[in-house]
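Every read-out reported here was derived from the displayed coordinates using simple, explicitly stated rules and does not represent laboratory data. The shown structure was predicted, so the numbers you read here are calculated from the model rather than taken from an experiment. For neighbour counting, all protein chains shown are included, and Cβ atoms are generated from backbone atoms with ideal geometry for every residue, glycine included.
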Amino acid sequence: MKALLIVDVQNDFCPNGALAVPGGDQVIKPINNLMDSFDCIVQTQDWHPQDHLSFASNHSDKEPFSTTEMEYGEQVLWPDHCVQGTKGAEFHNDLRTQPSQLIVRKGFRKHIDSYSAFFENDQETVTGLHGYLQERNIDELVVTGLATDFCVKWTVLDALKLGYKVTLAEDAVRGIDMDGSVEKAIKEMKEAGVTLRNSNEISG
Ligand code: VGL
Ligand code: ZN
């Protein structure tokens, strides 16, 4: 059984958002179309408290897009984004959300960022998504959304490690792209075993 996974299509990752992904809103049309052909649809929602330690503003003398050492390793520091309960954390208005059956929120623990839909950045704290998908007999995932080089990449790599067959809908993802990070992310995902397809070649 296949599921459609829609990663972080939230206002803050779309044009004019706090951490805007170039062309981020262009993923919406292909995602909305894909929804019609899937029985199992899951969305993720980046969902940070205002004092989250992935925000540069919560460190003294740190600029957004610099890095710091966290307990679990290197962490990029971001502009404040997807703060719980704000407009920026809401899904983009044009994204269909009614067909979604589960919304997984992530990044709500102050001390741990969470890019992947499965594991937080310490690589051990689980979100619960794997259990949900197992109970629904899902063994194949089509991954879409934002951002290719962060949350999408880590979601795809974890899904492959967990044994899912994973397809990336290449026209339904966009990246932040820091120093070639999108190209690097695509390479890493391919090496790990992802299949790249245009969304109009994907069926549920
Ligand atoms: C994301 C950076 C920080 C993402 C989330 O959705 O890719 N990137 N938080
Ligand atoms: Zn975030």
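Close amide-amide hydrogen proximity is noted between residue 55 and 78, each under 5 Å apart and 5 or more residues distant or on a separate chain (H modeled in the peptide plane; Pro and chain starts excluded). Take the Cα of residue 72, go 7 Å toward its beta carbon, and the backbone nitrogen atoms of the range 102-118 under 18 Å from that spot belong to 104-118. Across every pair of non-identical alpha carbons in the range 1-132, the mean reciprocal distance, once inverted, gives a Kirkwood radius of 15.5 Å. Using R0 = 22 Å, the C-beta based FRET efficiency linking residue 196 and residue 137 works out to 0.30. Note on residue 101 and residue 63: their simple-model spin labels are 4.7 nm apart, each label 7 Å out from Cα toward Cβ.
Label-to-label distance, residue 203 versus residue 165, with points set 7 angstrom from Cα along the beta-carbon direction: 1.3 nm. For the range 44-62 versus the range 103-174, the inter-centroid distance based on Cα atoms is 20 Å.
About the centre of its Cα atoms, the range 77-204 shows a dipole size close to 260 debye [charges on the beta carbon of Lys, Arg (+1) and Asp, Glu (-1) only; nearest 20 debye]. Once C-alpha pairs closer than 8 Å and six or more residues apart are averaged by separation and normalised to the residue number of the range 152-200, the relative contact order reads 53 percent.
Here's how it looks for residue 84: its modeled amide H is under 5 Å from those of 48, 50, which are all 5 or more places away or on a different chain.
So, by mean Cβ neighbours within 10 angstrom, what's the order for 124-136, 42-54, 97-109 with the highest one leading?
Values: 124-136: 14.6, 42-54: 21.4, 97-109: 16.5.
Ranking, from highest mean packing down: 42-54, 97-109, 124-136.
Taking Cα centre as origin and charging only the Cβ of basic (Lys, Arg, +1) and acidic (Asp, Glu, -1) residues, the dipole magnitude of the range 81-132 rounds to 180 debye. Measuring between alpha carbons in the structure, the pairs from 153/187; 87/110; 29/161; 161/184 lying more than 22 angstrom apart are 29/161. Applied to the range 86-96, the Karplus parametrisation 6.51 cos²θ - 1.76 cosθ + 1.60 on θ = phi - 60° returns per-residue 3J(HN,Hα) values of 8, 4, x, 7, 6, 5, 4, 4, 7, 6, 6 Hz, with x for Gly and Pro. When you restrict to C-alpha pairs under 8 Å that are six or more residues apart and normalise by the size of the chain, the relative contact order lands at 26 percent.
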